[in-house]
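Data first, discussion second: the structure below is written as structure tokens.
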Amino acid sequence: PVDTSLIIVVQAREDAYIPRTGVLSLQEIWPGCEVRYLNGGHISAYLFKQNFFRQAIYDAFNRFCLKYPSSQ
């Protein structure tokens, strides 16, 4: 991404599909990104926490509009 400060990552705390050790953190890969954590796993987050994902999308678009108002 060109502007990593616009990235909002939603991550499940008990996600067994995503490695946590031996890899760079998302903040190291995309400096300035925001990580929001959900309780639960990969599937339960998708099935039961869709409002968190929607809110992150809304917030990321809003963040873009505030940072780059002339792009609208």
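Of all residues in the range 1-48, which are in a helix (DSSP H, G or I), over 12 Å from the mean Cα position of the chain (by Cα) and of a type outside the set (D, E, K, R)? Let's see the steps before the verdict.
Taking the range 1-48 as the starting set, the residues that turn out to be in a helix (DSSP H, G or I) are 4-6, 26-29, 42-48.
Next, from what is left, pick out any that are over 12 Å from the mean Cα position of the chain (by Cα): 28-29, 42-48.
Within the range 1-48, I29, H42, I43, S44, A45, Y46, L47, F48 meet the criteria.
Any residue in the range 32-40 that is open to solvent by 70 Å² or more (accessible area, probe 1.4 Å) and out of contact with any Pro (no Cβ under 7 Å at 6 or more places or on another chain)? Give the derivation first.
Restricting attention to the range 32-40, the residues satisfying the condition of being open to solvent by 70 Å² or more (accessible area, probe 1.4 Å) are 37, 39.
With the extra rule that they be out of contact with any Pro (no Cβ under 7 Å at 6 or more places or on another chain), the set shrinks to 37, 39.
Scanning the range 32-40 turns up at least one residue that is open to solvent by 70 Å² or more (accessible area, probe 1.4 Å) and out of contact with any Pro (no Cβ under 7 Å at 6 or more places or on another chain).
Cβ-Cβ under 9 Å, sequence separation 6+ or interchain: first residue in the range 48-60 and within 14 Å of Y37 (Cα to Cα), partner assigned to a helix (DSSP H, G or I). Which pairs?
F52/A45; F53/A45; F53/Y46
Restrict the check to the range 4-15 and report whether at least one residue is in contact (Cβ under 8 Å) with a residue 60 or more places away in the chain and either of a type in the set (V, I, T) or open to solvent by less than 70 Å² (accessible area, probe 1.4 Å) (or both). Walk me through how you get there before you give the answer.
Pass one, the range 4-15, residues in contact (Cβ under 8 Å) with a residue 60 or more places away in the chain: 5-6.
Restricting the remaining residues to those that are either of a type in the set (V, I, T) or open to solvent by less than 70 Å² (accessible area, probe 1.4 Å) (or both) gives 5-6.
Yes - at least one qualifying residue is present in the range 4-15.
Taking A56, is it modelled with pLDDT of 95 or more, open to solvent by less than 50 Å² (accessible area, probe 1.4 Å), in contact with a strand residue (DSSP E or B) (Cβ under 6 Å, 6 or more places away or on another chain) and assigned to a helix (DSSP H, G or I)? Let's see the steps before the verdict.
Numbers: modelled with pLDDT of 95 or more: yes; open to solvent by less than 50 Å² (accessible area, probe 1.4 Å): yes; in contact with a strand residue (DSSP E or B) (Cβ under 6 Å, 6 or more places away or on another chain): yes; assigned to a helix (DSSP H, G or I): yes.
Answer is yes for this residue.
The values are calculated or read from the model by the stated rules, or taken from the named source; none is laboratory data. Since we're looking at a predicted model, the values are computed, not measured. Cβ atoms come from the backbone with ideal geometry, glycine included; neighbour counts cover every protein chain shown. Each accessible area value is taken on the protein alone, full model and side chains, heavy atoms only, with ligands, DNA and RNA left out. Shrake-Rupley method; radii C 1.70, N 1.55, O 1.52, S 1.80 Å.
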